[in-house]
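For reference, the structure discussed in these notes is given below.
The values are calculated or read from the model by the stated rules, or taken from the named source; none is laboratory data. In this text the structure is predicted, and so the values were computed from the model without any measurement. Cβ sites come from the backbone with ideal geometry, for glycine too, and all protein chains shown count toward neighbours. To get the accessible areas, we keep the full protein, side chains included, count just its heavy atoms, and leave off ligands, DNA and RNA. Shrake-Rupley method; radii C 1.70, N 1.55, O 1.52, S 1.80 Å.
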Amino acid sequence: MKKITTTLNWPHFRLRLSFEIRRIQNKGVVYIFHKSVAKLIGVGLWFILLPLTVLLHLAGYRRVPVFTDRIGHLALEPDCLLKEQALGRIKKRKWIMLAPPNRTANEHLLNYLQPHFIIIRHPLLCYLISSMSHWLFMRYDISHYILAVEKAQAAYNLYTEWGNKPSILKLSPEDEGWGAAKLKELGLPEDAWFVCVHVREQGFSRIDKELHAHRNGSIENTIPAIQAIIDRGGWVIRIGDSTMTPLKTMHQVID
């Protein structure tokens, strides 16, 4: 039998502790108290609803804990799951995604995910299902796709194996037309090919910056790659938000 060993990641633990202390300072004791009470009620619901949870688990229902309030997670995690399923790595399940309206980064993207997931929107129902699937049953862990700590993210290997197979999600003609119109507004020639470039910076998520600062970088480091795209006749569209460091003016680059 394989021996299982666990080790505590002290640097990450210290960062997490620092984050929790700062959150208490920013949010206040009352907010933290309400959150703690909500978690305790959730634990109670887990025990109360356990028989129903087990039945749904046996019926093949699984909640996928996607960070729907972050566009990267919302776009990438469900796509990884669907591709892994299509490759035969995991069994086909009745996948559940919780996407309350006030915590969804892109509502329109849910239209594309709807055929593949049972998407729950009502806040109370989201709370109940989250409580039911908190431990053991009715839950499928997807943290290995892009949230693995101190090791490679599974998404890289998964997309390499997927290769040039057709995309699972395909843009509708209406969205393709909308996109073409927006590219024209940006000044992209109709027959041009382009590459999107993005480098995460500190302004992306100030609320948990100490936990994810290692993901940040400098747009200046990508300039050789940008120049290589331009030299091959392509255009570059740098994406992000207004808090990011502006790129220097470059031919065939839209910042």
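The residues of the chain have, on average, 66 Å² of accessible surface per residue, using a 1.4 Å probe with all protein chains present.
Return the equivalent ellipsoid semi-axes of the stretch 29-174 as a descending list in whole Å, where each equals the square root of 5 times an eigenvalue of the C-alpha gyration tensor.
That gives 28, 18, 16 Å for the three semi-axes.
Considering only Pro224, Pro101, Pro65, the mean-square fluctuation computed in a Gaussian network model of the chain, springs between alpha carbons under 10 angstrom, is largest for Pro224. Taking the centroid of alpha carbons for each part, the stretch 103-146 and the stretch 160-190 are 26 Å apart. Charge tally for His134 (other residues, Cβ to Cβ under 10 Å; Lys, Arg +1; Asp, Glu -1): +3. Here the stretch 133-235 is treated as a sphere whose radius is the Kirkwood value from Cα pairs; by Stokes-Einstein at 25 °C and 0.890 mPa s it diffuses with a coefficient of 137 µm²/s.
Where only DSSP H runs of four or more residues are counted, the chain gives -14000 deg cm²/dmol as its mean residue ellipticity at 222 nm, each run worth -39500 (n - 2.57). Computed on protein heavy atoms with a 1.4 Å probe, the accessible areas place Thr245, Thr68 in the order Thr245, Thr68, largest first. Residues Thr249, Thr104, Thr160, Thr243, sorted by accessible area with the largest first, give Thr249, Thr160, Thr243, Thr104 [1.4 Å probe; ligands and nucleic acids excluded].
Accessible surface ranking for His34, His73, 1.4 angstrom probe, highest first: His34, His73.
For the chain, set up a GNM with springs between Cα atoms under 10 Å and report which of Leu81, Leu171, Leu56 has the largest fluctuation. Fluctuation is largest for Leu171.
For a Förster distance of 45 Å, can you work out the FRET efficiency between the beta-carbons of Ala59 and Leu171, rounded to the nearest 0.05?
0.85
Compared with the alpha-carbon gap, the fully stretched path from Asp141 to Trp193 is longer by 15.0 nm at 0.36 nm per residue. Take the chain, connect every pair of alpha-carbon atoms lying under 10 Å apart with a spring to form a Gaussian network, then pick out the residue of Trp178, Trp162, Trp95 with the largest mean-square fluctuation. Result for the chain, Cα springs under 10 Å: Trp178 fluctuates most. Along the positive direction of the dipole of the stretch 15-115 (beta-carbon charges: Lys, Arg +1; Asp, Glu -1; about the Cα centre), which of Phe47, Val29, His73 reaches farthest? Positive-end residue among those listed: Phe47. Take His144: with every protein chain present and a 1.4 Å probe, its accessible area is about 60 Å². For the chain, the antiparallel share of DSSP beta bridges with both residues in that region comes to about 0%.
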